[in-house]
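Visitor: Take this structure, written in structure tokens, and hold onto it; I'll ask about it next.
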Amino acid sequence: MVISSEMKDDMFIRTIGANLFDSDFEDGENDSEDDLLESEFEFSCEDKTICDVLKTKTVTIQHKTCTSRDLVGLQVWRGAFLLADFILHNAARFNGKNVIELASGVGLTSIVAGLIANKVLATDVDRENILSLLRTNINKNNHRKNIKVAELDFFWDEYSQSLTEEIETSDIILAADVVYIEAVTKHFIKTLLNILKLGNKNKEVYIAVEKRREASPGGQIIAPMF
């Protein structure tokens, strides 16, 4: 099955390749670096005391617009934009905080958080080139040198010492568009509960979930993962 992100429908992209949607993507086709596109996103910020000192007002992301389901982290999803927008419009909540993003994908939300937070840990699974693309995007946009990348799989029951220490000192947990199939959702909730037990007991959690509808076998329109 091939999954396509909403980037094909939304019109807030300023600069992107002219042939963005010209090529066909066949199910089962091998992913490669040649499939990557680069988009530049401009943003603004309402809190002048914080946002006037930002080092940049653009984020440049390499990404794909369609992948197999197990590689959807290589795409840009609306949830990432929503969380990034939330951060920029609530900058005081993130100023000076230690942030962890779960399932960071191409890193958009983590990059925006890094413009304001004390430090950010962007995490995802080490599957094909998900982590390597995340690192590429972080390195391109890490202007304050305060964002790190680490592997974190929702199916894990234990964490390394270094990851545990990052979790213990975190103040805010972010997750965007991680609720889409039952198996992943179940283990995401398990991971979130485990994280909330470690270290700082007053962690704040911000989750962006899109209500994706589908037809049930009986013909009703349902949103089973919502």
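Visitor: For residue 105, indicate whether it is farther than 16 Å from residue 43 by Cβ and not in a helix (DSSP H, G or I).
Guide: Values: farther than 16 Å from residue 43 by Cβ: yes; not in a helix (DSSP H, G or I): yes.
Here the answer is yes, as residue 105 does meet what is asked.
Visitor: Continuing with the same structure: If you scan the range 153-184, which residues turn out to be in contact with a Ser or Thr (Cβ under 7 Å, 6 or more places away or on another chain) and more than 17 Å from residue 98 (Cα to Cα)? Let's see the steps before the verdict.
Guide: Taking the range 153-184 first, the residues in contact with a Ser or Thr (Cβ under 7 Å, 6 or more places away or on another chain) are 154, 174, 176, 179.
The answer is 154, 176, 179.
Visitor: Can you tell me which condition residue 201 does not meet? The list is (1) surrounded by fewer than 14 Cβ atoms within 10 Å (Cβ to Cβ); (2) at pLDDT 95 or above; (3) not β-branched (Val, Ile, Thr), and all the others hold.
Guide: (2)
Visitor: Would you mind stating whether residue 55 is among the basic types (Lys, Arg), at pLDDT 85 or above, out of contact with any Gly (no Cβ under 6 Å at 6 or more places or on another chain) and open to solvent by 10 Å² or more (accessible area, probe 1.4 Å)? If you could, list the steps in order and put the result at the bottom.
Guide: Working: among the basic types (Lys, Arg): yes; at pLDDT 85 or above: no; out of contact with any Gly (no Cβ under 6 Å at 6 or more places or on another chain): yes; open to solvent by 10 Å² or more (accessible area, probe 1.4 Å): yes.
For residue 55, the condition - among the basic types (Lys, Arg), at pLDDT 85 or above, out of contact with any Gly (no Cβ under 6 Å at 6 or more places or on another chain) and open to solvent by 10 Å² or more (accessible area, probe 1.4 Å) - is not met.
Visitor: In addition: Hey, any hits in the range 164-175 for a residue that's at pLDDT 95 or above, closer than 22 Å to residue 60 by Cα and crowded, with 17+ Cβ neighbours inside 10 Å? I'd like the intermediate steps shown before the answer.
Guide: Initially, the range 164-175 is screened for residues at pLDDT 95 or above, giving 164-175.
From what's left, closer than 22 Å to residue 60 by Cα: 174-175.
Keeping just the survivors that are crowded, with 17+ Cβ neighbours inside 10 Å gives 174-175.
Yes; the residues of the range 164-175 include at least one that is at pLDDT 95 or above, closer than 22 Å to residue 60 by Cα and crowded, with 17+ Cβ neighbours inside 10 Å.
Visitor: Continuing with the same structure: Would you mind telling me which numbered condition in (1) farther than 17 Å from residue 142 by Cβ; (2) in contact (Cβ under 8 Å) with a residue 12 or more places away in the chain; (3) more than 17 Å from the chain's Cα centre (by Cα) residue 56 fails?
Guide: Status for residue 56: all satisfied but (1).
Visitor: Take the range 165-215 and flag every residue that is among the basic types (Lys, Arg), more than 15 Å from residue 152 (Cβ to Cβ) and either free of Cβ contacts under 8 Å to residues at least 12 places away in the same chain or not in a loop (DSSP other than H, G, I, E, B) (or both).
Guide: Passing the criteria: 186, 197, 201, 213.
Visitor: Only one of these conditions is not met by residue 180: (1) closer than 20 Å to residue 67 by Cβ; (2) touching a Cys at 6+ places or on another chain (Cβ under 6 Å). Which number is it?
Guide: Here residue 180 meets the rest and fails (2).
Visitor: Now, a different point. Condition check: surrounded by fewer than 16 Cβ atoms within 10 Å (Cβ to Cβ), of a type outside the set (A, V, I, L, M, F, W, C), over 18 Å from the mean Cα position of the chain (by Cα) and at pLDDT 95 or above. Does residue 182 satisfy that?
Guide: Working: surrounded by fewer than 16 Cβ atoms within 10 Å (Cβ to Cβ): yes; of a type outside the set (A, V, I, L, M, F, W, C): yes; over 18 Å from the mean Cα position of the chain (by Cα): yes; at pLDDT 95 or above: no.
It is false that residue 182 is surrounded by fewer than 16 Cβ atoms within 10 Å (Cβ to Cβ), of a type outside the set (A, V, I, L, M, F, W, C), over 18 Å from the mean Cα position of the chain (by Cα) and at pLDDT 95 or above.
Visitor: Still on this model: Those residues that are open to solvent by 80 Å² or more (accessible area, probe 1.4 Å) and over 11 Å from residue 120 (Cβ atoms), I need them from the range 146-161; list them, please. Lay out the reasoning, then the answer.
Guide: Pass one, the range 146-161, residues open to solvent by 80 Å² or more (accessible area, probe 1.4 Å): 148, 155, 157-158, 161.
155, 157, 158, 161, listed by residue number.
Visitor: When you go through (1) out of contact with any strand residue (DSSP E or B) (no Cβ under 7 Å at 6 or more places or on another chain); (2) over 21 Å from residue 62 (Cα atoms); (3) not polar (S, T, N, Q) one by one for residue 119, which number turns out not to apply?
Guide: Of (1) out of contact with any strand residue (DSSP E or B) (no Cβ under 7 Å at 6 or more places or on another chain); (2) over 21 Å from residue 62 (Cα atoms); (3) not polar (S, T, N, Q), only one is false for residue 119: (1).
Visitor: Continuing with this model, one more query. Test residue 158 against the criterion of being of a type in the set (Asp, Glu), without any contact (Cβ under 8 Å) to a residue 12 or more places away in the chain and not in a helix (DSSP H, G or I), and give yes or no. Before the answer, list the steps.
Guide: Numbers: of a type in the set (Asp, Glu): yes; without any contact (Cβ under 8 Å) to a residue 12 or more places away in the chain: yes; not in a helix (DSSP H, G or I): yes.
Yes: the conditions hold for residue 158.
The values are calculated or read from the model by the stated rules, or taken from the named source; none is laboratory data. In this text the structure is predicted, and so the values were computed from the model without any measurement. Neighbour counts are summed over all protein chains in view; Cβ atoms, including those assigned to glycine, are modelled from backbone coordinates with ideal geometry. Please note that ligands, DNA and RNA were not included when accessible areas were found on the heavy atoms of the full protein model with its side chains. Shrake-Rupley method; radii C 1.70, N 1.55, O 1.52, S 1.80 Å.
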